[in-house]
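Here the structure comes first, spelled out in structure tokens, and everything after it is commentary.
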Amino acid sequence: MKIILNRDYGAFSLSLEQANLLGFDWVNESNKDNLPGINYDELRTNPLLISSVEAGDKGGNFAALEVFTIPDDSFYLVKEFDGLEFLFYSASPIKMI
């Protein structure tokens, strides 16, 4: 399974090309890092976005998107600190304490 993470401080965000590729309505330059109605957690495993990132498009202004591969059917959890994201995965459900 492939999953996208933001690997720098900033935010998981899309480039103009990625937003257009996924069919999002890009209104103007000022809202590109916060497009309404986008669930970025659902986009992490989107095949079109994964292909875009693998082809070199690293996302919006404050993003450094990167694709990681984890075992299929893994349970995963993404945590972030100031936009920098960390991935935890397991063969069994992850329980938060």
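Each reported figure results from applying straightforward, stated rules to the coordinates on display, with no laboratory input. Bear in mind the structure is a predicted one, so any value in this text is a computation, not a measurement. All Cβ positions, even for glycine, are placed from backbone atoms using ideal geometry, and neighbour counts span all protein chains on display.
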Exercise. What percent does the relative contact order of the chain come to when contacts are Cα pairs within less than 8 Å and at least six residues apart?
Worked result: 41
For this session: Please arrange 62, 81 by counting, for each residue, the other beta carbons lying within 10 Å of its beta carbon, fewest first.
Result: 81, 62
Exercise. Highest GNM mean-square fluctuation, the chain, Cα pairs closer than 10 Å: which of 15, 74, 52?
Worked result: 74
Problem set entry | Per-residue [θ]222 nm for the chain (sum of -39500 (n - 2.57) over DSSP H runs n ≥ 4, rounded to 500) | -4000 deg cm²/dmol
For this session: Please order 12, 24 by the number of other Cβ within 10 Å, starting at the fewest.
Result: 24, 12
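Rounded to the nearest 0.05, what FRET efficiency do residue 54 and residue 87 have when you use their Cβ-Cβ distance and R0 = 25 Å?
Details: r = 17 Å, r/R0 = 0.67.
With R0 = 25 Å, the Cβ-Cβ based efficiency is 0.90.
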Exercise. Who wins for biggest fluctuation among 85, 66, 17 in a Gaussian network model of the chain, springs between alpha carbons below 10 Å?
Worked result: 17
Problem set entry | Gained length - residue 1 relative to residue 72, 0.36 nm times residue gap less alpha-carbon distance | 25.1 nm
Exercise. Residue by residue, what Karplus-based ³J(HN,Hα) values in Hz, rounded to whole numbers, does the stretch 51-61 have, using 6.51, -1.76 and 1.60 with θ = phi - 60° and x for Gly and Pro?
Worked result: 4, 4, 5, 5, 7, x, 7, 8, x, x, 3
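Nearest 20 debye, what's the magnitude of the dipole of the chain about its Cα centre given +1 on Lys and Arg Cβ and -1 on Asp and Glu Cβ? Before the final figure, lay out each step's value.
Working: 7 positive and 15 negative charges, 46 e Å.
That gives a dipole near 220 debye.
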Seminar exercise, completed: Of the candidate values (1) 3, 13, 24, 24, 19, 10, 5, 2, 0; (2) 2, 13, 19, 16, 12, 10, 8, 7, 5, 4, 2, 1, 1, 0; (3) 2, 10, 17, 15, 10, 7, 6, 7, 6, 5, 6, 4, 3, 2, 1, 0, 0, the one computed for P(r) over Cα pairs in 5 Å bins from 0, in percent from this structure is (1)
Exercise. Taking the Cα centre of the chain as the origin and placing charges on Cβ (Lys, Arg +1; Asp, Glu -1), which of 4, 23, 60 is farthest toward the positive end of the dipole?
Worked result: 4
